[in-house]
Every structure is written in structure tokens, then in C-alpha cells.
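Nothing in this text is a laboratory measurement; each read-out follows from the coordinates by a stated rule. All values derive from a computational prediction rather than experimental measurement. Cβ sites come from the backbone with ideal geometry, for glycine too, and all protein chains shown count toward neighbours.
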């Protein structure tokens with residue numbers, strides 16, 4: 001329960017940083033939460049709720065609306081120390097293959113992946129100039145074992161095409177190698193995602209550093225607030241707008257911070273698209289990619 005509440009708080013904080021001002025919550029969800037809290041406090045019979053769900057006896061509401069979840073994974077604070085990653089000598093492919101084997105056989109990573117799902121490492125050109133970094137795999141990613149293949153990933157692919165590149169010509173990864181878990185009803189898949197917390201990001205960062213070491217890109221692009229915090233330092237900024245659109249540094253590499261593609265999916269306006277595109281134009285200039293007048297005019301309000 002503590003982990004789930006912490007995940008909700010982190011997600012609300014992320015939405016706030018992205019400019020979301022309201023979140024819809026159903027009466028059933030509110031009732032379930034109240035019933036669960038009251039049950040834990042031994043006061044379920046004292047719940048007073050004017051909503052239609054209040055007609056259900058609290059004990060029934062707690063059982064029906066707040067189903068019993070399996071025990072969540074150990075709190076992230078109990079994670080072991082971050083791994084020390086030592087790669088063998090050799091060419092990039094040899095070193096990346098060795099890194100992939102390390103990640104896939106990491107006991108902690110494997111312990112946080114549900115049965116039938118996959119640990120996820122980055123993909124793309126090992127000689128790429130540009131490396132995109134997100135926060136963690138989602139539902140589609142943990143099934144396919146590849147980052148950014150869901151709706152947000154499909155939008156990222158379109159952004160890359162807009163830059164005059166193919167997806168296979170860049171490198172795409174996440175800080176996290178597993179999808180952060182939420183409690184689920186037995187026999188059902190996890191619904192929704194939660195942002196990783198600090199301890200989880202710290203554990204996986206050595207594997208991201210190793211990917212940067214192998215690929216040796218000219219520059220990095222952090223996608224979203226959580227990825228930016230993982231690279232710049234936790235609690236290093238309050239809102240993403242404080243740091244996006246400007247050059248920073250991570251591991252000796254220039255780092256541009258922009259919004260996550262999901263920021264557009266929630267509200268696909270030209271204004272929001274242009275905000276991200278302005279950041280990507282700076283990336284293209286730094287990477288010395290050709291920029292046409294048409295590209296410079298993308299998503300400008302008419």
C-alpha cells in the first residue's frame with residue numbers, strides 16, 4: 001500500500017510539472033481508497049460518504065472496491081547497492097552484447113519483471129550521434145523488450161523522422177531496465193504506469209552510463225521530468241520548464257532536456273508540439289544536421 005501511494009504521489013507530481021492542472025477520479029476510486037484506509041485503521045464502520053457507493057456497507061465496499069492485491073515487490077529503499085559495470089575490451093558490438101547479458105542476468109532486474117515480461121535495454125545505432133533517454137519501459141516495452149514502442153514511442157519515431165533521420169540511425173534507451181510495478185489483481189495485467197522513484201533510478205543508472213560509454217554519442221536528449229531528474233540530480237529542479245530547452249551536461253556529454261512524447265499525446269496542440277520541436281532544432285544544430293526552412297517552420301501557429 002505504501003509503495004502504491006508513493007507511486008500515485010510521484011505520478012501526480014510529474015503531471016503537475018508537465019502543466020496538467022486537473023485529474024479526473026471516479027466515485028468508485030475515492031470510495032475504495034477511503035474504505036481501504038478505514039479498514040487499515042479499524043474504523044470502516046465510521047465512513048460517511050454522500051456518493052451512491054455509500055449505500056454499500058463499508059465492509060462490502062472494502063472487499064469489492066478494494067480487491068486484495070498480492071504483496072508488492074520490496075520497497076525500492078531495500079534495493080541492493082547499484083551494480084559496478086565492467087565491460088570487456090573489444091569492438092562496440094562485443095561490448096554491447098556483454099552489457100545486454102549483464103542486464104538480462106541481473107538478479108534485481110529480473111526480480112522486478114513479472115512472469116512473461118522482459119528486461120529492457122536500449123536499441124539503435126551503436127555509432128549514433130544522438131541518444132534519446134527516457135525514464136522506464138511501459139506495457140508494450142516490457143512485452144517486446146524494446147524501449148519506446150508504444151504510443152509515445154511511435155510519436156518519438158515521427159519526431160526523429162521530422163529531424164531527417166530514421167529511428168535506426170539514433171540510439172534510444174531508458175534509465176530503468178524494468179517497468180516499475182504497481183499492485184495488480186491476481187491473474188490480471190498491470191494497468192497504468194508509475195514513474196520510478198529515486199532508489200530505482202539510482203540502481204539502473206550504471207547500466208545507462210555503460211550504454212553511453214559504448215555508443216559514445218555526440219549528445220544526449222532527456223525525455224521528460226523523471227529522466228531529467230535522473231540525469232541532472234534528484235530534486236535539482238521543481239518544474240521541467242525550469243531546465244528544458246537549455247544545454248546541460250551528463251557524463252561529459254552535452255544534454256538537452258525536453259518534454260516526453262506523452263506530453264503531446266495528452267493534448268496534441270501545435271503550441272506544445274512546437275515547444276518540443278524548438279528543443280529538437282537545437283539538437284539538430286548541435287549535431288550539425290541539415291535544417292531546411294520547412295523544418296524550421298514546423299508547428300508554427302498560423
Distance between modelled label sites at residue 161 and residue 186, nm, 7 Å Cα→Cβ extension: 4.6
Determine, at each q value in 0.12, 0.24 (inverse angstroms), the log₁₀ of I(q)/I(0) that the Debye formula gives when each Cα of segment 213-302 is one equal point scatterer. -0.39, -1.26
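Counting other beta carbons within 10 Å of each Cβ, put 127, 89 in order, fewest first.
On the way: 127 11, 89 7.
Starting with the residue having the fewest Cβ neighbours, the order is 89, 127.
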At 1.567 mPa s and 4 °C, Stokes diffusion of segment 171-273 via Kirkwood alpha-carbon radius, µm² per second: 86
If you wrap a convex hull around the Cα atoms of segment 76-296, how much volume per residue is inside, in Å³? 126
Using a 7 Å offset from the Cα along the Cα-to-Cβ direction at both residue 298 and residue 114, what is the distance between the two label points in nm, to one decimal? 3.4
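Which of 165, 300 has the fewest other C-beta atoms within 10 Å, and how do the rest follow up to the most?
On the way: 165 18, 300 11.
So the residues, fewest neighbours to most, are 300, 165.
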Neighbour-count ranking [beta-carbon atoms within 10 angstrom, fewest first] of 106, 278: 278, 106
Segment 233-282: relative contact order in percent, alpha carbon pairs under 8 Å with at least 6 residues between: 29
